[in-house]
1. Using only helices, what value at 222 nm comes out for the chain when you add -39,500 (n - 2.57) per DSSP H run of length 4 or more and divide by the total residues, to the nearest 500 deg cm²/dmol?
2. Considering only protein heavy atoms, what per residue accessible area in square angstrom results for the chain with a 1.4 angstrom probe?
3. Quick check on the range 25-80: take the gyration tensor over C-alpha atoms, sort the square-rooted eigenvalues as a ≥ b ≥ c, and tell me if it's rounded (a/c under 1.5), prolate or oblate.
4. Kirkwood hydrodynamic radius for the chain: how many Å is it when counted over pairs of different Cα atoms?
5. Could you please state how large a percent of the accessible area of the range 30-74 is carbon and sulfur, counting protein chains only and using a 1.4 Å probe?
6. Work out the FRET efficiency for GLU85 and ILE138 from their Cβ-Cβ distance, taking R0 = 25 Å, and round it to the nearest 0.05.
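The values are calculated or read from the model by the stated rules, or taken from the named source; none is laboratory data. Just so we're clear, the structure is a prediction, and the values are computed from it rather than from any experiment. FYI the Cβ positions are ideal-geometry reconstructions off the backbone, even for glycines, and counts take in every protein chain you see. Only protein heavy atoms, including side chains, enter the accessible area calculation; ligands, DNA and RNA are left aside. Shrake-Rupley method; radii C 1.70, N 1.55, O 1.52, S 1.80 Å.
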Amino acid sequence: MKEIDLSARRREIIRQYFRYVDTGDSRILDLYTDDVELLFPKFGRTRGKDAMRTFGARMSAILGRLEHDIEGLAFVEAGNTIVVEGREWGEMADGTPFPDGEISQGLFCNVFEFEGELIKAVRIYVDPDFNSADQSRISALR
């Protein structure tokens with residue numbers, strides 16, 4: 001497979017990843033290597049599909065709805081690594097919408113590492129205080 005074809009295929013896999021995240025589709029696990037690495041703030045660094053299932057369940061308990069601007073994703077590629085910046089929005093489990101547009105902006109950055117056409121690692125850089133509820137830190141920084 002040509003390098004440009006693999007690059008385009010990987011970008012489409014990332015778009016599918018976000019579609020699966022937004023709909024809570026368990027087929028997301030098919031996009032990962034068995035020993036996939038995950039890094040997420042407040043969750044930590046972990047490995048394996050079981051860890052991904054645990055992470056998904058915990059996020060589902062926090063979030064009532066999550067959506068990503070899949071068509072607006074920005075990609076930066078270097079070898080087997082693709083960095084993705086984008087926007088997200090939704091509601092917390094209690095119905096509180098996010099982002100608030102003042103403190104939380106709904107921006108994220110993910111770093112994906114690939115092994116062929118499978119995601120070998122995903123590092124998610126986002127403030128998990130989606131709805132700006134961490135008032136002590138907000139007050140300290142504002």
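1. Working: 3 runs with 42 residues, N = 142.
So the calculated ellipticity at 222 nm is -9500 deg cm²/dmol.
2. 57
3. It comes out oblate by the Cα gyration axes.
4. Kirkwood hydrodynamic radius for the chain: 15.9 Å.
5. 48
6. Working: r = 23 Å, r/R0 = 0.91.
Efficiency computed from Cβ-Cβ geometry: 0.65.
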